[in-house]
1. Using only Cα atoms, what Kirkwood radius does segment 211-349 have, in angstroms?
2. From a point 7 Å beyond the Cα of Arg193 in the direction of its Cβ, which residues of segment 74-92 have a backbone N at a distance under 16 Å?
3. Given points 7 Å out from each Cα along the Cα-Cβ axis, report the Val33 to Lys268 separation in nanometres with one decimal.
4. Given a Förster radius of 51 Å and the C-beta distance between Phe205 and Asn395 as r, what FRET efficiency does 1/(1 + (r/R0)^6) yield to the nearest 0.05?
5. Short version: ³J(HN,Hα) in whole Hz for each residue of segment 363-371, in order, from phi by Karplus 6.51 cos²θ - 1.76 cosθ + 1.60 (θ = phi - 60°), x for Gly and Pro, what are they?
6. At each listed q (0.06, 0.09, 0.14 Å⁻¹), what is the log10 of I(q)/I(0) that the Debye formula gives for the chain modelled as equal alpha-carbon point scatterers?
7. Val35's amide H: which non-local residues (gap 5+, or another chain) put their own amide H closer than 5 Å, with H modeled 1.01 Å from N in plane and none for Pro or chain starts?
8. Would you kindly compute the Cα radius of gyration of segment 239-279 and its largest Cα-Cα separation (Dmax), both in Å?
Amino acid sequence: MSPMAPQYAPSLRSRLAPLLLFLQIGFIVIFAVYVEIESNIKADGTTFSSFYAEFQDVNVMVILGFGFLCTFLVRYSYSASGFNLLVAVMATQWAIILNGIESWYYRGKIRVDLRSLVVAEMCAASALISIGAVQGKTNPVHLVLIALLEVSGFVLNEWLLQTLLKVPAVNSIMLLHIFGAFFGLTLTWILFRKGSLQPFEKEKFDRHTGLFSMLGSVFLWMFWPSFNSVLVDNHSPGRKLGAVCSTYLALAVSAVTAAAVSALSSPKGKLNPIHMQSCILAGGVAVGVSMSAVHQPWEAMTIGFTAAVVSTIGLKYLKTHMLLAFECHDTCAVLSTHGLPGLLGWLAHLLLQIKASDDHTTAIRFAVFHICTLLITISLSLSMGIITGLLLKWNFWRPPQDKKCFDDQAFWEFPHLAVKK
């Protein structure tokens, strides 16, 4: 070894492989004993052919969209997309088991169909949002543990909202943006590294990786209408169509607004690529959270407009302020991309529902329940984030050193980088 040999990140051979094999064999055993495929084809009134296309759309978003969205870091693009797939599939399997506990309790078996796969992938999407906040400062062992604990917290939150407050399933699942963002922020606050007050050596943005990231963003943008409408009940005519149209309009308006605000906030009047790829999605997030109250196209467009403004301004100023004021280093700016638009969507839902109410009693009752929904979601996400963060602070998991943060070489083998004789 030459005297200039680099300092290598700790090997994960004794940590990652045993954890993955233990979890995967455990999942296989649970599936073997308790899980069966739903044989009643017309369950929930949806046929296989009509639902499969929507399942594929959600699948593309979770694997390809989120996978490429975080590849903007110059030396972390392999890890961003590779670990995204690893975490997504682990989280989906775990979510299928957790979501099926009620079915197992009453019937002795967990029934799996396309709908349960979609719900599980949405729980996984919530975990992927959280991981965006700690991207590059963790190793894959951390990421798998974060995903399992985050999905457990999210499914518990869903169950609490549906049993205590009688929140419809679609509404409780759509809170995944708020839950995921606040869980990730708590996590990155607890796992704060003193070295991140100055920018990390390898936390850089590049034209080529930026293009890949834009690809992920565009895929998410294209398929977001399916993500918001897939669980909408098709029995009431026009609801699903309304969800698709509202989401498309909100996304279109937020793309235009993000471009305008990005150019306005730049002294030279230039567009910022990171603003564009994160904030064009803000309308989709906000309208997804407020979906059941949006009935007119202009409402969706107004929500998209406001979400993009909030998201772009948040991305420009909040990331630095969060770092300096709260020692909270948010790599992918999940607060501005998912957290703030999610909260805006929650507020829009409240206002639209009150506007549509006939009398004060109904409006006040709804407002109390709606506020409780948000309080439960945020308190559970913060407390689960604290528990997970404290567990991950343990050096047993071999976190990468500051110099090895945002570096693919810490985890991947690159034969072309080996010295050739």
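The values are calculated or read from the model by the stated rules, or taken from the named source; none is laboratory data. The shown structure was predicted, so the numbers you read here are calculated from the model rather than taken from an experiment. Methodologically, a virtual Cβ is constructed for each residue, glycine included, from the backbone with ideal geometry; neighbour enumeration extends over all protein chains shown. Only protein heavy atoms, including side chains, enter the accessible area calculation; ligands, DNA and RNA are left aside. Shrake-Rupley method; radii C 1.70, N 1.55, O 1.52, S 1.80 Å.
1. Numbers: mean 1/r = 0.0667 Å⁻¹.
In segment 211-349 this quantity evaluates to 15.0 Å.
2. Of the residues in segment 74-92, 74-77, 79-80 have backbone N under 16 Å from the label point off Arg193.
3. 6.2 nm
4. Working: r = 30 Å, r/R0 = 0.60.
For R0 = 51 Å, the calculated efficiency reads 0.95.
5. For segment 363-371, the Karplus curve yields 4, 5, 4, 5, 4, 4, 5, 5, 5 Hz.
6. Log10 of I(q)/I(0), two decimals: -0.24, -0.55, -1.33.
7. Amide H neighbours of Val35, under 5 Å, 5+ apart: Ile110.
8. Cα-based Rg and Dmax for segment 239-279 come out at 13.1, 44 Å.
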